[in-house]
1. Using θ = phi - 60° and the Karplus relation 6.51 cos²θ - 1.76 cosθ + 1.60, list the HN-Hα couplings for the stretch 136-153 in order, rounded to whole Hz, with x at every Gly or Pro.
2. Rounded to the nearest 20 debye, what is the charge dipole size of the chain about its Cα centre when +1 sits on each Lys and Arg Cβ and -1 on each Asp and Glu Cβ?
3. Can you compute the modelled spin-label distance between LEU141 and SER76, with each label point 7 Å from Cα toward Cβ, in nm?
4. In nm, what is the difference between 0.36 nm times the number of residues separating GLU60 and ASP129 and their Cα-Cα distance?
5. Rg over Rh of the stretch 178-225, using C-alpha atoms and the Kirkwood radius, what does it come to?
6. Mean separation of Cα pairs under 8 Å and 6+ residues apart, divided by the residue count of the chain: what relative contact order is that in percent?
7. Filter the GluC sites (Glu not before Pro) in the stretch 98-167 down to the DSSP loop ones having no more than 14 other Cβ atoms within 10 Å, then list what survives.
8. Please give me the summed charge of the neighbours of ASP176: other residues whose Cβ is under 10 Å from its Cβ, Lys and Arg +1, Asp and Glu -1.
Amino acid sequence: MSEKGELLYEGKAKKLYATQDPEVLLVEYIDQATALNGLRKEQIVGKGALNNQISSFMFEKLKAEGIATDFIKQISKTEQLNKKVTIIPLEVVLRNVVAGSFAKRFGLEEGAVLAEPIIEFYYKSDALDDPFINDAHVKYLDIATDEEIAYIKAETLKINALVKEIWAGIGLTLVDFKIEFGRDKDGKIILADEISPDCTRIWDANGNHMDKDVFRRNLGDLVEVYSEVLAKLQAKG
């Protein structure tokens, strides 16, 4: 196991530490839930371990299918090792079903299945409240080139198909998700951050929320819901 070195960054749900290897980070998932861009914040014991295990499971599956990621391995219930990347300041959102801010923005009812997935970009900036941006903005802000934007979109669609299948295998519908990408030491764009119920909207067959909306909307016990999701993934294998 790599030794935990200097704390490099503390976010809403994770802490990033240096290791002996300058190209490897130790990521610790913490017991904190946030909403409204961090304005609402609560400590929830057990949440960090559940997110770490779920995200590790998802990244292992994606790596096996040829998706390039920053994930190296899970080293404890709350910790994993990741390749060091420079995060691209984009939150990439893919929507399969009308829900959340998409429904609110356009005055739509939640639940309608989209004819094809919709990809949205948000500028990753807490100070600006992560504004919705388009391809032209991405280019103007020098975040990514036309070719890189096309690659990110194509990779997001691949990830969607794979993750959708994983969730369907345990009886859940992938409504939407938010992912992030980073550039590795060679400049290659790879999937980074996490894929967990914190950043993925998933519903069961009865339309029950099995994700962070349980916290956002005060629908029940978040740890109980995440525990159920993890148990189903592990049982399926």
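The values are calculated or read from the model by the stated rules, or taken from the named source; none is laboratory data. As the structure is a computational prediction, the values presented were derived from the model and not from experiment. Every residue, glycine among them, receives a Cβ derived from its backbone with ideal geometry; neighbour counts consider all protein chains shown. Remember, those area values only see protein heavy atoms, side chains included, never the ligands or the DNA or RNA. Shrake-Rupley method; radii C 1.70, N 1.55, O 1.52, S 1.80 Å.
1. Result, rounded to whole Hz: 4, 5, 4, 5, 4, 7, 6, 7, 7, 7, 4, 5, 5, 4, 4, 5, 4, 5.
2. So the magnitude is around 300 debye.
3. 3.5
4. Taking GLU60 through ASP129 to full extension adds about 21.7 nm, to one decimal.
5. On the way: Rg = 14.8 Å, Rh = 12.5 Å.
The Rg/Rh ratio comes out at 1.19.
6. With pairs under 8 Å counted, the relative contact order is 18 percent.
7. Details: sites: GLU109, GLU110, GLU120, GLU147, GLU148, GLU155, GLU165; in loops: GLU109, GLU110.
Qualifying residues, ordered by number: GLU109.
8. On the way: positive: ARG95, LYS178, ARG201; negative: GLU120, ASP211.
Spelling it out: positives minus negatives among the neighbours equals +1.
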